[in-house]
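Working notes for the structure below.
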Amino acid sequence: MTDSPRTREGAVTPEASPTLITGGGATAALLVVLFGSFMDLLDATIVTVAAPAMARDLGAGDAQIQWTIAAYTLALGAGLITGGRLGDQYGRKRLFLIGLAGFLVTSALCALAADPGMLIGMRAGQGLTAGIMVPQVFGIIRASFAPGERVKAFGAYGAVQGLASVAGPLLGGLLVDADLFGLGWRTVFWINVPVSILALVVGAKVLPESRSASTARLDLPGALLAATGILLLLLPIIQTGTWGWTWAGYALLAAGVVVLAIFLAHERRLTARGDEPVFDPALLRIRAFTVGLSASVLFFGGIGAYFLTLSVYLQNGTGRTAWETGLVILPYALGSIITSGLGVALAAKAGRTLLVAGSLTIAAAQLVLWAVVEDGTDPGYWLLALALFIGGLGLGLAAPVLVNVVLAGVPGRDAGAAGGVLSTVNQIGGAAGIAVLGTIFFTSVAGSATGAPALPDYSHALGVVLVVSAVLYLVTAVVLLALPKTAVEHAE
């Protein structure tokens, strides 16, 4: 069990009495907060497919397009931990709606961007507002749902995360190719506006307010240290494709580790004297939380790189369009939908078993896909679909359960901050996976070019990534064995 954060008077900081929601109100509230998390991950992936059209329309160079993607991730990662604590202290509903409103405005400004500089700036704004909004999802679910309903809500959250990771390429390809009203790539941002307005209206009515009972002021030095450390870690990882691995990149990584160590030391000092930190280091003593964070880095680190390299293989290697690429990926989403319900239903009794089974299934799917593509010919739709469907089955087993197991043992008063840490770790894992596996992929492509003109072998490059990724998920399964067998709820 973890130590508890304390006030200046030395008393345990409680969770302010929350309003538990049930029935139709609970369903509506869950849909609203799941929308926020879905749009966050969707916007992180949908731009990847729309990037070529953006570059042509705005006259953007390769570096500017990379920063259009990186600006969102950097701003999001820097704001998640602080955003979670702000919700714990000042009201999760309030911060969720503020973040959602900001996301709406910045999405519209992205759609109206007249040049690459404006687009990059507004993408950073999108990431910052998402960093305020996303951690409140964990806090609202943790504080406002009864324990039995909480398991289902976290399961639904995990399932939505898995679906959003595959919906981005599919929806992005559809919107860009459809060219609705002649807006082209701008529709990937305009689509956020009407749905966000609806979520704001419904959320204002159905979301309950909850917060920690602590009246301590925000730990501003801790917030700045956390944001700086995350930025220093993420920047060289995200920019690997442009910068390569140079001494400057390693120096930034080392500086990030040092700053985060200073952050934890600062937070421990605050806790020792009874103040309220941005993140309570005592949470790291909860086994499910610390092991779950490690597993999340590995688990989500493989997903982003998988879809990036697969998308490049399908478009550049087999000549498919963005929309056709999305259709190939669709079976992955269907497989995830089929098993996510099973994952939610059995999470309370067989959480660890489902997580291990899901990771092993994903590893098997990677090897099946490797066997399908390795001979260098286009295997056709149905063989690709089969391998992807198997991977989706694995994702549906694991993703809905992982979030619940990681956060179940966290005190409700720290739910927002802990959720922010989990989201941050997922961002770091995703960026690191893309950097490492993406580098392996593109290095293999460049090294395989033969003939005149040079003809790169995308099949072989994807095969290398798939084998490495399969090993990654085997390692993930081993790490998951260190988790408790079931999610153990923290006694408030």
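The table that follows gives values for the structure above.
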quantity	calculated
Rough spin-label spacing in nm, given labels placed 7 Å along Cα→Cβ, for ARG285 and LEU383	5.6 nm
Kirkwood hydrodynamic radius of segment 267-373, Cα pairs, Å	17.2 Å
Stretchable slack from LEU231 to ASP457, in nm (0.36 nm times residue separation minus alpha-carbon distance)	77.9 nm
Footprinting exposure proxy for SER359, SER107 (fewest neighbouring C-beta atoms within 10 Å first)	SER107, SER359
Ranked packing of 226-238, 69-81, 307-319, most packed first, by mean Cβ within 10 Å	69-81, 226-238, 307-319
Sequence of ASP88, ASP378 once ranked by neighbouring C-beta atoms within 10 Å, starting from the fewest	ASP378, ASP88
Translational D in µm²/s for segment 46-117 (Stokes-Einstein at 20 °C, 1.002 mPa s, Kirkwood Rh from C-alpha pairs)	154 µm²/s
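Coordinate-derived values only; no laboratory data. Source: prediction; values computed, not measured. Here Cβ is always computed from backbone atoms with ideal geometry, including for glycine, and neighbour counts include all displayed protein chains.
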